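Read-outs throughout are calculated quantities, based only on the coordinates presented, and are distinct from any laboratory measurement. Because the structure is a prediction, the values reported are computed rather than measured. No Cβ is skipped: glycine too gets one built from the backbone with ideal geometry, and neighbour counts run over all protein chains shown.
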Amino acid sequence: MSFGMVLHYVVGARFDTGPEFLKNVTLWYACPWTLSTAVVIGGALGMIAIGTVYAMLGKMVSGARVEGLQMTALTLCTLSLIAIFLTGYVGYFVIDRFWPAFYYTPVKDGKNVWLFMQLACMVLYAAGVFLAFNGIRRTSHAMA
């Protein structure tokens, strides 16, 4: 996950960043892929935690199954993490074709499109987590 960021640090920015770039702290340490990498790694850890809870509940509750919307949650979380990876890495280059140097210069439209695409992926992930949480809640209530 970090190779893109390491390569960016080794090679440097594709454009002259100038003093305006250094004033914008929302650019996450001068690497365009920091946000998507952090979300994918954090999301993967979240999925591990959810899977661990499902495994523990499966041992504690006889007949506990992952089915229906809970399977949809797994698919939604997985696809949203893949989508944010593609949006953060590949999407950067696609948006850069329409708004050259959008990340390194004050091109608000380009940044907004790119960040809203990533936000949409995060919302899908959150929806998947919500579905999984509801499944865990239902299963844990069956224990009581």
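Loop only per DSSP, at most 14 neighbouring Cβ atoms within 10 Å: give me the trypsin sites (Lys or Arg not before Pro) in region 42-106, ordered by residue number. Provide the component values of the computation, followed by the final result.
Details: sites: 59, 65, 97; in loops: 65.
Qualifying residues, ordered by number: 65.
By the count of neighbouring beta-carbon atoms within 10 Å, fewest first, 96, 109 end up ordered 109, 96.
With one equal scatterer per alpha carbon and no solvent term, the Debye-computed log10 I(q)/I(0) for region 51-144 at 0.10, 0.22, 0.24 1/Å reads -0.41, -0.98, -1.09. For region 75-137, relative contact order (Cα pairs under 8 Å, six or more residues apart, normalised by length) works out to 48 percent.
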